[in-house]
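To start, the structure under review is shown below, and the notes come after it.
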Amino acid sequence: MSGLLPNKYLIVVVGPTAVGKTSLCIQLAQHYRTEIISADARQCYQGMAIGTAQPTTQERQVVPHHLIDFLPVQASYSAGMFARDALRTLDKLFNKYHHVILTGGSGLYIKAVCEGLDSMPLVDPKIREYLNTRLQQEGLAGLFQELAGRDPAYHQIVDRHNPQRIIRALEVCIATGQPYSLLRNNSPVARLFKFVKIGLLLDRQVLYERINQRVDRMFEQGLLEEATALYPYQGHHALQTVGYQELFGYLKGHYGQEEAISLIKRNTRRYAKRQLTWFRKDQAIQWFQPGDFEGIIDYLNKVIAQ
């Protein structure tokens, strides 16, 4: 590929929630003397530090992190907007470093940076607000059924448990009058840097136990108080998120706190399963145990040396 920046590699680290991406990436950043860009669809929002497991202040002092904690929860933000901001950040970082780390569990955000996204028309934000209101009032099943009528092809392949994907498809269908699937071409965009992808994987029961422990730790850190402060903004897209939705149900009196905790653990496990389903489709990812730092470094050095 012509025009490549010499010796510039984006090291992409992916995996399900709670697998250990943050601690590994800090190790990698220290090893390669570089910085980290977060590719998480929720860590970019302010006031959501606990529920989205943002790197701590101390961790960010050890290694600078970018695109974290910079948007108000009322803001609309998309994978395309993230790619724009991430590429701008990479332009600056590649002036200082040969390697930069991109990490997160949001598969579409990773794809947007590495490969680009299909060109989609602008959509009136009121359409998304309308669909999010319906999601709150009617649940996901009705929106999923509507998608079957508007775009049968995409209805067959979309993750039926992912409200963001279903709402995104519906808003494009409504705005354009065309099926969302018709506007998708999945053609990769050339980048000026090379990238190498690392995936982190744990035995399922070990991962699920880590998820349960993380949820308990979040409550000890003040997740309920954080959700209470965010309750007035519950209708915004940023808060259609595991952890907050269950606590909003508790705050409305639909069930008790123990049930809310149980629901968060269950729904986080389901989210981790969906993340793995997405990432396993990417044949470019090389999988490792999160504790295999030496093996990961060895693999990265071999790829980068080619």
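The values are calculated or read from the model by the stated rules, or taken from the named source; none is laboratory data. Worth saying up front: this structure is predicted, and the values here are computed from it rather than measured. Cβ: placed from backbone, ideal geometry, glycine included. Neighbour counts: every protein chain shown. Protein only, heavy atoms only, side chains kept; ligands, DNA and RNA dropped before computing areas. Shrake-Rupley method; radii C 1.70, N 1.55, O 1.52, S 1.80 Å.
Values for this structure:
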read-out	value
Of all accessible heavy-atom area on the chain, the percent that carbon and sulfur account for (1.4 Å)	50
Relative contact order (%) - criterion: Cα under 8 Å, at least six apart; region: the range 146-268	16
Above-threshold pairs, the threshold being 22 Å between Cα atoms, out of LYS111/LYS273; LYS197/LYS273; LYS8/LYS302; LYS8/LYS92; LYS92/LYS302	LYS92/LYS302
Residues of type lysines that LYS252 reaches as a straight line, Cα spacing below 26 Å, ignoring anything fewer than 8 places off in the same chain	LYS126, LYS265
Centre separation in Å (Cα based) which lies between the range 116-157 and the range 196-242	24
Rel. contact order, % - alpha carbon contacts under 8 angstrom, at least six apart, the range 1-108	46
The chain: calculated mean residue ellipticity at 222 nm from DSSP helix runs of at least 4, using -39500 (n - 2.57)	-16000 deg cm²/dmol
Whole-number accessible area per residue in Å² for the range 223-306, which is evaluated in the context of all protein chains at 1.4 Å	54
Potential lengthening between LYS252 and GLN286 on full extension [0.36 nm per residue; Cα-Cα distance subtracted]	7.8 nm
For the range 144-190: relative contact order, % (alpha-carbon pairs under 8 angstrom, 6 or more apart)	33
GNM flexibility winner over the chain from VAL158, VAL113, VAL215 (Cα, springs under 10 Å)	VAL158
Gyration tensor (alpha-carbon) shape descriptor, the range 8-96, a/c threshold 1.5	oblate
Set of the range 67-107 residues, backbone N closer than 13 Å to the point 7 Å along the Cα-Cβ line of LEU192	87-96
Stokes-Einstein translational diffusion, the range 108-254 - Kirkwood Rh over all Cα pairs, 1.567 mPa s, 4 °C, in µm²/s	72
With DNA, RNA and ligands ignored, accessible area of THR56 (1.4 Å probe; Å², nearest 10)	70
The range 61-108 - Rg over Rh from alpha carbon coordinates, Kirkwood radius	0.97
Highest-MSF residue in the chain out of CYS173, CYS114, CYS25 [GNM, Cα springs under 10 Å]	CYS173
With all protein chains modelled, accessible area of PHE144 [1.4 Å, Å²]	20
Solvent exposure ordering (accessible area, 1.4 Å, most first) of MET48, MET120	MET120, MET48
HIS31, HIS254, reordered so the largest accessible area comes first (probe 1.4 Å)	HIS254, HIS31
Mean Cβ neighbour count within 10 Å, used as a protection proxy, ranking 8-20, 159-171 highest first	8-20, 159-171
Accessible area in the full protein assembly, largest first, 1.4 Å probe, for GLU35, GLU59	GLU59, GLU35
Three-way shape label, the chain, alpha-carbon gyration tensor, a/c 1.5	oblate
Probe 1.4 Å - accessible area at GLU129, Å² to nearest ten	110
